[in-house]
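> This is the structure I have questions about; it appears just below.
The values are calculated or read from the model by the stated rules, or taken from the named source; none is laboratory data. In this text the structure is predicted, and so the values were computed from the model without any measurement. Backbone-built Cβ (ideal geometry, glycine too); neighbour counts: all protein chains shown. Calculation scope for accessible area: heavy atoms of the full protein, side chains included, ligands and nucleic acids excluded. Shrake-Rupley method; radii C 1.70, N 1.55, O 1.52, S 1.80 Å.
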Amino acid sequence: MDIIFILSVICITLFGLLGIFLTLSKKGNTPVNRLLGVFFLLWALDFLDGSLLLNGFYLQHPNWALWTEASIFLYGPLLYLYTAHSVGARTKFKWIDLFHLVPFLVGFIAMLLIYHVQPREIKLNTLTSIVNFEQLWGSYIVFALLYAHFLYYIHLSKNLVRSATRNLKQYYSYHILSWLNRLLNALIVVLLIAMVNSVLQLTGYRFYFEIGLVVVLLITGIFIGGIILKALDQSSPLIQQDLAKKYSGSLLQSQESEALAMKITQVLEKDQLFLNPELTLEDLSSAIGSTSRKVSQTINERMGKNFFDLINMYRIEAAKKIFTERKDPKLTVLEVMYEVGFNSKSSFNRQFKNRTGVTPSEFLRLQS
């Protein structure tokens, strides 16, 4: 067995099982997870279809071939709707969502007319051309439409994540949507490599096409599969819906706001709540005996920050102090990162450099 066949079997099995689990499981946000489940089931079928095609199976059974081609037009909508519901931008499904199915229906009808209703001889000629990398140049248009469609929906999904991340900085001291952003980034990488592969396939560079295919299979089988496991327990992260109106009609007085600011500062400096890597606005509000809305308004208006930036400011100051006063010459950046409440190295590096102008490693070297 060659490496492409082995990796294809792994990906088909992985995404097939993952799709079934997400579709049937009662764990997490079930209706939303089903969208992702269908996405991975379709991806598993697409891998299976491609593997059977490249290995010549369809040359013996041409009537079974190319039934999944139009389903590629479902990838983008499924991913977009999953993202929208995961970040809380959508709370229920609407009839207008059915318009996302139009490209799929058009593609399915086109494949029926171009291939499925044709005589067996024409089907075999079509499949032989594909297997021998002798497709018509008109296929470029089809591939361009497919990739443009998927990229457009990934772009929409990325915008939703960026917008939600900004809003969630009022509630969380960490990037709660980082797993979803990594998934979208990984899909972009896979898509770009697949686009190059399509060009290689159309131009007949079989060797380079197979190398690109191995890369795609490795990324999808290892990286994306690992990321998606973090999505199973995710529900809409947008809590405290009364904050959505941005303190509309608030009766928070100047004296109360000042007192709250003092309490916030006290619990952060004395009790060091910021050391909790999963600290939320609700946790901080409970600690000072106030409401999330009032605490958020105080942080925004009196302290000039959002919750995320305030907590990470304290974490960076604590890290600087540990670096400066270090007694252990073997102290590592990772040790300090976890000690002050960060759970992501990339986030720690970014926040540290934003506030000091240097990375944690550079800062540590300067103290030597």
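> Within segment 268-288, what residues put their amide N at less than 14 Å from the label point 7 Å along the Cα-to-Cβ vector of Glu339?
Once the point is set 7 Å along Cα→Cβ of Glu339, 275 turn out to lie under 14 Å by backbone N, inside segment 268-288.
> In degrees from 0 to 90, rounded to the nearest 10, what is the angle of the helix 139-168 Cα long axis to the longest principal axis of the chain?
10
> Ok, one more. Hey, what did segment 51-193 get for relative contact order, percent, Cα under 8 Å, at least 6 apart?
In percent, rounded to a whole number, it is 34.
> Turning to a different aspect of this structure: Order the peptides 293-301, 125-133 from the highest to the lowest mean number of other Cβ atoms within 10 Å of their residues.
By packing density, highest mean first, the sequence is 293-301, 125-133.
> Return the carbon/sulfur percentage of the accessible area of the chain, one whole number, probe 1.4 Å, all protein chains in place.
62
> Taking the Cα atoms only, what angle lies between the long axis of helix 3-24 and the longest principal axis of the chain, rounded to 10 degrees?
That helix lies at roughly 60 degrees to the long axis.
> Return the calculated 222 nm mean residue ellipticity for the chain, to the nearest 500 deg cm²/dmol, obtained by summing -39500 (n - 2.57) across DSSP H runs with n ≥ 4 and dividing by the residue count.
It lands at -21000 deg cm²/dmol.
> Using Cα pairs closer than 8 Å and at least 6 residues apart in sequence, work out the relative contact order for segment 1-85, in percent.
Details: 75 pairs, mean separation 26.3, N = 85.
The value is 31 percent.
> So how much slack lies between Tyr208 and Trp179, counting 0.36 nm per residue of separation and subtracting their Cα-Cα distance, in nm?
Details: separation 29, 0.36 × 29 = 10.44 nm, distance 3.12 nm.
Full-extension gain reported as 7.3 nm.
> Still on this structure: Hey, what did the chain get for relative contact order, percent, Cα under 8 Å, at least 6 apart?
Dividing the mean separation by the residue count of the chain yields 16 percent.
> Could you state the angle between the C-alpha long axis of helix 72-86 and the longest principal axis of the C-alpha atoms of the chain, as a value from 0 to 90 degrees rounded to the nearest 10?
20
> Using per-residue counts of other Cβ atoms within 10 Å, averaged over each peptide, order 342-351, 104-113 from highest down. Provide the component values of the computation, followed by the final result.
On the way: 342-351: 16.4, 104-113: 14.0.
Output ranking for 342-351, 104-113: 342-351, 104-113.
> Quick check on packing: order 311-321, 331-341 by the mean number of other C-beta atoms within 10 Å, highest mean leading.
Working: 311-321: 20.3, 331-341: 17.2.
Order by mean packing, descending: 311-321, 331-341.
> Quick check for you: with a 1.4 Å probe and neighbouring chains kept, what is the accessible area per residue of segment 1-55, in Å²?
Each residue of segment 1-55 exposes 48 Å² on average to a 1.4 Å probe.
> Further, regarding this structure: Subtract the Cα-Cα distance of Leu192 and Glu282 from 0.36 nm times their separation in residues, and report this length gain in nm to one decimal.
Difference between extended and current length: 28.3 nm.
> Let me ask something else. Over the alpha carbons of segment 1-115, what is the largest minus smallest coordinate on each principal axis, giving the biggest first in Å?
Here the Cα extents, ordered largest to smallest, are 47, 34, 19 Å.
> Suppose the chain between Arg162 and Phe133 were pulled fully straight at 0.36 nm per residue; how much longer would it get relative to their current alpha carbon spacing?
Once the chain is fully extended between Arg162 and Phe133, it gains 6.4 nm.
> Using alpha-carbon positions, what is the distance between the centroids of segment 303-368 and segment 70-138, in Å?
Using only Cα atoms to place each centre, the spacing works out to 48 Å.
> Given (i) 25.9, 85; (ii) 34.6, 105; (iii) 21.3, 66, which label gives Rg and Dmax of the Cα atoms in Å as computed from the coordinates?
Entry (i).
> Relative to the compact-globule scaling 2.2 N^0.38 Å, provide the ratio for the alpha-carbon radius of gyration of segment 295-368.
It is 1.17.
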